[in-house]
1. Taking the criterion of being within 14 Å of another protein chain (Cβ to nearest Cβ), closer than 20 Å to B:Phe109 by Cα and in contact (Cβ under 8 Å) with a residue 12 or more places away in the chain, would at least one residue in segment B:1-13 satisfy it?
2. Suppose we filter A:Ile50, A:Ile147 for residues that are β-branched (Val, Ile, Thr), part of a helix (DSSP H, G or I) and modelled with pLDDT of 90 or more; which single one remains?
3. Might you let me know whether segment B:250-264 holds any residue that is assigned to a helix (DSSP H, G or I) and surrounded by fewer than 24 Cβ atoms within 10 Å (Cβ to Cβ)?
4. Being within 13 Å of another protein chain (Cβ to nearest Cβ), out of contact with any Asp or Glu (no Cβ under 8 Å at 6 or more places or on another chain) and not hydroxyl-bearing (Ser, Thr, Tyr) is the filter here, so list the residues in segment A:323-340 that pass it.
5. Read through the list (1) in contact (Cβ under 8 Å) with a residue 12 or more places away in the chain; (2) within 14 Å of chain A (Cβ to nearest Cβ); (3) not aliphatic (A, V, I, L, M), then give the number of the only condition that B:Glu72 fails.
6. Can you confirm whether A:Ile421 is assigned to a helix (DSSP H, G or I) and surrounded by 24 or more Cβ atoms within 10 Å (Cβ to Cβ)?
7. Check segment B:146-160 and report whether any residue there is part of a helix (DSSP H, G or I), more than 10 Å from chain A (Cβ to nearest Cβ) and surrounded by fewer than 24 Cβ atoms within 10 Å (Cβ to Cβ).
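The values are calculated or read from the model by the stated rules, or taken from the named source; none is laboratory data. Remember, predicted model here, so these are calculated numbers, not experimental data. Every residue, glycine as well, gets a Cβ built from its backbone with ideal geometry; the counts of neighbours run over all protein chains shown.
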Amino acid sequence: MAIILPGFIVTLLLGGILSWIVAKQSHLYARWISLLTLLANFIAIIIIWIQNMKSPASGSSWILNFSVAWIPSFGINFHMALDGLSLLLLSLTFFLGILSVLISWKEIQSRVGLYHFCLLWVLAGITGVFLTMDLFLFYFFWEVMLIPMFFLILIWGHENRRYAAFKFFIFTQASGLLMLLSILGLYFVHGGQTGIYSFDYFQLLGTALAPKIGMWLMLGFLVAFIVKLPAVPFHAWLPDAHSEAPTAGSLVLAALMLKTGAYGLLRFIVPLFRDAAMEIAPWAMAIGVLGILYGALLAFSQTNLKRLVAYTSVSHMGFIMLGVFSFNEVAAQGVVMQMMAHGISTGALFILAGMIYERIHTRDIREMGGFWMKMPFMGATALVFTMATWGLPGLGNFVAEFLTLVGVWQVAPMLTILAAIGLVAATAYSLRILQKVFYGSPVVSMELTDLSFRERIIMGALVISIIWLGLFPQPVLNTSIEAVNVMLHPNNKVEASVLPSLKTGDAFSLREKGGSDE
Amino acid sequence: MSDLVWLIPGLPFVGAVILIFGGTNLPRRLVPVVGAGSVGLSALMTLFIGFEFLTATPTAQSYQQVVWNWIEASGFSVAFAFHLDVLSLVFIFVITFVGFLIHLYSAEFMASDEGYARFFAYLNLFVGFMLILVMADNLLLMYLGWEGVGLCSYLLIGFWYLDEKNGYAARKAFIITRVGDTAMVIGLFILFKTFGTLNIAGIQEQAPQLWVVGSSQATLIALLLLGGAVGKSAQLPLQTWLPDAMAGPSPVSALIHAATMVTAGVYIIARTHVIFELAPIALFTVGVIGALTLLIAGFSALTQYDLKRVLAYSTISQIGYMFLALGVGAWSSAIFHFMIHAFFKALLFLGAGAVIAAVHHEHDMFKMGGLRKKLPLVYWTFLIGAASLAALPFVTAGFYSKDQILWLSWASEKGNNWLFLAALIGAFITTVYTFRMVFLTFFGEVKTQVTRVPGLAINISLVVLAILSTIGGFIEIPHSMGHVQMVTDFLSPVLPVTSIRPGIESSEWIIQLAAAILSIGGLLLAYFLYMKRPSLHFKIKNSIPHLHSFWLSGWRFDSLYDWLVVRPFVYVANINKNDPFNGPYNGVVRAANFFHRILSFTQSGILRWYLIGVVIGAILILTLGIWL
């Protein structure tokens, strides 16, 4: 079973190459191959999810574990493991991956093969990031997802794509290098203490760090993650990258790539550098609140639709900073919900922006208006996702934001109040989108057709998902709760539940042949 | 039957889903059948379930139904669960029945509108969310209904979206109520931290054990909940959205003002009365807000030209009465007035809608006149509603409900002379503006042509509501006149009976007499000003132009908020549009470019430059070597 973990990545890599090759025959082949690859992965992950819903893995938060030695002399393993959190994020990745192929069906007409190659390789990198339990490998995938994304923006982007692509690349690359330094630092500190030089996550978990060293190492990781997240003031790359990327690029960036930052905070910062993280927690939470308010303020004044949505992401990711660094279990559940719900709702808004662009070839909301009359279907879906953005109860984002705030209230009431003000600001910018684009008198001389069948499938799937997350969030919460709590309390729970099972392998399906965990 | 409680809010949602997915494909005839039918069924369900609930043996205080577990995470647990007791039953009854009549009315009123299905979908959602609000067994689910209602008000106020003005009014309503909601949500955070639950019954049980009367935490929470309540119920200081909410179609106004939305604030305070009773300061604040609001809105109503704006201000004012009643601990009186107000205000708005449609969408009362001959049924029903609003003694339902509030605002242990005085002045003003509206619209010379006469559906709704606005009052008759206490008795399992200051019960008739005199006095004044000597009110207006425009603009609250909040926000947002955080990063880029240019200058490819460079370098190194 566990072989499926690298299998996910390999299929994506191979699917990408195959798409590129067959695109010479027909563009349609490339699209279908990408679609089927992602569909297969999606079905596989859903099967794993359903199986583990029936029999909740008691005692361990880990569902699958795969490990082979890669470069043993440096303690580098090809180690991947799946827990509830990564399960959820993989489901999201493959689900939105499918949609990103579908939305590119008509939009992308040049270099179709290369496009799908890049798209699938980005997704492979993201999948790797969510699965890897070896820090060296983690860094590798962190870079893998960066480069194809760079090309996606550079080749298929809008007018200012060059600037945006390089900005994106430099920001993430530079911050990634700091993480690499920290990874190496952690590797040597741990090796010096124990004599075991290893990049393995589980090995490194218990590393005792002197406060000062711990702080510096933590900051290295933190910079990489909060640039990706992004947190103010490291968000400057995001509006450009999001607004210049092609639709699928924006979708993958907003819905998935930002989540790798959030994932990193939960997976690495919190358990590996607990003391250091707790020390900076008040600052980090303040940065989160700043992001919520500042992002909302900027979103309100934008005239470029995609840029507007990009700034709403900055605002929403502030909730993740706030929730993670509150070290509260309820808030952490809110963070997980926020990753899922924001992925879907903001992804949907970018898709809508893309659909509008396909029709009228502009992203300027001053040139839009009255679209409801010609495109009521699109208007209705836009309504759903703007509602999600300002946090209407009954949709996924509300569950996320409410859990986060109710949890943060336990530790930082003042910051919670400020964050709650962000909810009012969110209402203001969300309603502005609706007003400028869909209400008002129609802009004349524009041929507008409502959503096509393909587009209805895309939006329908997203609408169902966001309502499902809002009304029945329990499956998601159940899936992630153990994994998240283990990360929040590494000292008592990791020792007690995860590591023993790593050795005994009872709830772990270790790979039979060639598996080695050390 | 009780197992089907979930169907009461469920049916309108089913209707909405059918209408949304059916959309324009649905035959036009079917749209009102689905829209009004679902609410009608819901009303029937209410009858059956209410009957069964009340006659059940042994009598139950309340009935709970968990539909599913909504959110459960690390000790935070909230269910999608409904709670039925007599308080929610009164609200459900009013929402479904008045809601149904408004739907029925809309079937005709909106028949030629392009967005017929959309309209009914929103209307159904509105009723559904309001039902969730009043049936929720925990505060989070209530918040779901609460926000849903806000959403629907936004959608319906801006229903005619082609006009930017409507969109503005809709956003204004939504954002202002959202401010209150945010206060309320913070209240929920504190409640959860304190009690570890958001279940209303659980909180009510634990609160008296945990807090003493006057506890600062109880006061804080009560004030935060009050923040939510003043937003939704359009009370001071968040009342400014309601007059603009007139931008929506008239049935929407009827729904917002009568059966749903604005009464949510009254409901939540009544529902969490245990907390408010532990926080006397907060409760007193409720009363003061009510008293101030009823006066402010009353004076504004006196000066309006737009028929619907008069009604809007009168709603703010009447909800003020309900808040006043809540504030003096007259819980059941507030609920009684809510119910009666729902009847006559729905009636008045629907009547106003019929009038406005009849005179070609003219809203200005001064351009109407003499309509009583042309629209007799509308005139008579409107008159009944107006009489009830003005609380004309003995024959109208409004008299009985308002009289009770007047009496208790003085006689209750929590009441005082000032609150009573405000209520008394308010009662007088109410009659004046009410009959000003009636006289201007239906009497005098004919100024406009009637182009549309209401048909059967509209007439039925008006007549039924007119009957309810009259006989509805007889279920609660004061001591001095026969003593019927159906509402108070009915609500007694949930809401405590008001304690009255000792030894003053005998003076109740004086209050009643005063109220009756003021009410009739107001009628006579309006008659004198607008019928007998029509020139007089112009003279009065011209002698106090500033005060008049001050009241007309709703005491300038709009400009105040515009200057305090809107302009600064927009200003900051605009100057900040290009994100100053980009500055340092662009600075790095510019610096890199600058040095790049300087350094590339040295790589000119000209040999003599290189030679000079080598020589200068050699000299420098040598000099350094000598120096050091």
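1. Taking segment B:1-13 and keeping what is within 14 Å of another protein chain (Cβ to nearest Cβ), we get B:6, B:9-10, B:13.
After this cut, where a residue has to be closer than 20 Å to B:Phe109 by Cα as well, the list is none.
Checked against the condition, which is being within 14 Å of another protein chain (Cβ to nearest Cβ), closer than 20 Å to B:Phe109 by Cα and in contact (Cβ under 8 Å) with a residue 12 or more places away in the chain, segment B:1-13 yields no hits at all.
2. Values: A:Ile50 fails: modelled with pLDDT of 90 or more.
After ruling out the rest, the residue left standing is A:Ile147.
3. At the first step, the residues of segment B:250-264 found to be assigned to a helix (DSSP H, G or I) are B:250-259, B:261-264.
Keeping just the survivors that are surrounded by fewer than 24 Cβ atoms within 10 Å (Cβ to Cβ) gives none.
Among the residues of segment B:250-264, not one is assigned to a helix (DSSP H, G or I) and surrounded by fewer than 24 Cβ atoms within 10 Å (Cβ to Cβ), which makes the answer no.
4. Hits for segment A:323-340 are A:Gly323, A:Phe327, A:Asn328, A:Glu329, A:Val330, A:Ala331, A:Ala332, A:Gln333, A:Val335, A:Val336, A:Met337.
5. The single condition B:Glu72 does not satisfy is (1).
6. Numbers: assigned to a helix (DSSP H, G or I): yes; surrounded by 24 or more Cβ atoms within 10 Å (Cβ to Cβ): no.
So A:Ile421 does not fit the description; no.
7. For segment B:146-160, residues part of a helix (DSSP H, G or I), more than 10 Å from chain A (Cβ to nearest Cβ) and surrounded by fewer than 24 Cβ atoms within 10 Å (Cβ to Cβ): absent.
Rundown of residues vs (1) part of a helix (DSSP H, G or I); (2) surrounded by fewer than 24 Cβ atoms within 10 Å (Cβ to Cβ); (3) in contact with a Ser or Thr (Cβ under 8 Å, 6 or more places away or on another chain), yes/no style:
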{"site": "A:Gly295", "(1), (2), (3)": "yes, no, yes"}
{"site": "A:Gly347", "(1), (2), (3)": "yes, no, no"}
{"site": "A:Met373", "(1), (2), (3)": "yes, yes, no"}
{"site": "A:Gly379", "(1), (2), (3)": "yes, yes, no"}
